[in-house]
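Right, one structure below, let's go through it.
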Amino acid sequence: MATKLNSMRLLETHNIPYEAVEYPSDMRDAEQIAEVLGVPPHLVYKTLVIEAEGARKPALIMLAAHRTLDLKRMAAAMGVKKASMATHKDAEQLTGLQVGGISALMLVQKHWDVYLDQPATALEHILISAGQRGLDLRVPTAALVQVVHAKIADVSRD
């Protein structure tokens, strides 16, 4: 395995157990990653960068690979009139991370609002990006919510 990432150090600092799971680093689609890893898509979470009208900072939303973000519900959760997904280029500039490797764990120091889609609360563990393409972390959902100060929001659809 590659070098230890800040996402792993953060989990270790908080005594949160995790499992690093590697996949081909040229993959970015969460549903395909789930297939390659042999896990159901509802366990693999993608992290999207959201920009909102009037918001001082972007926000992050983590949702299951097979679900689609509902921007109206996302805006409502954020308390704004309109929210949009950042373009891949903007997401990379804002986060300093590559699309396919954007992780709330790597962005804690930015103090952005982080949202976790409501269906995740029924799961003991989910897989999220470790902060670089080709590496996911299997983490306890409740501990993840605490460490990234995630707000639970029902913002997706099948």
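The values are calculated or read from the model by the stated rules, or taken from the named source; none is laboratory data. Quick caveat: nothing in here was measured; it's all calculated off a predicted structure. Because the Cβ atoms are built from the backbone with ideal geometry, glycine has one as well, and the counts that use them run over all protein chains shown.
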Tally, over region 9-31, of residues that are out of contact with any Gly (no Cβ under 7 Å at 6 or more places or on another chain), under 12 Å from Arg138 (Cβ atoms) and surrounded by 12 or more Cβ atoms within 10 Å (Cβ to Cβ): 5
Residue match in region 45-52 (condition: more than 17 Å from Val114 (Cβ to Cβ) and under 17 Å from the mean Cα position of the chain (by Cα)): no
Some residue of region 9-30 being farther than 18 Å from Ala120 by Cβ, in a helix (DSSP H, G or I) and either charged (D, E, K, R) or modelled with pLDDT under 95 (or both): yes
Long-range neighbours under 8 Å by Cβ, at least six apart or interchain, first residue under 17 Å from Asp158 (Cβ atoms) within region 17-44, second of a type in the set (Val, Ile, Thr): Ala30/Val44; Glu31/Val44; Ala34/Val44; Leu43/Ile126; Val44/Ile33; Val44/Ile126
Hits in region 68-97 - residues which are within 13 Å of the chain's Cα centre (by Cα) and not β-branched (Val, Ile, Thr): Leu69, Ala91, Leu97
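Results for (1) closer than 17 Å to Pro40 by Cα; (2) among the charged types (D, E, K, R), shown as yes or no for each residue.
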position: Ala52; (1), (2): no, no
position: His66; (1), (2): yes, no
position: His88; (1), (2): no, no
position: Leu94; (1), (2): no, no
position: Gln98; (1), (2): no, no
position: Met106; (1), (2): no, no
position: Trp112; (1), (2): no, no
position: Glu124; (1), (2): yes, yes
position: Val147; (1), (2): no, no
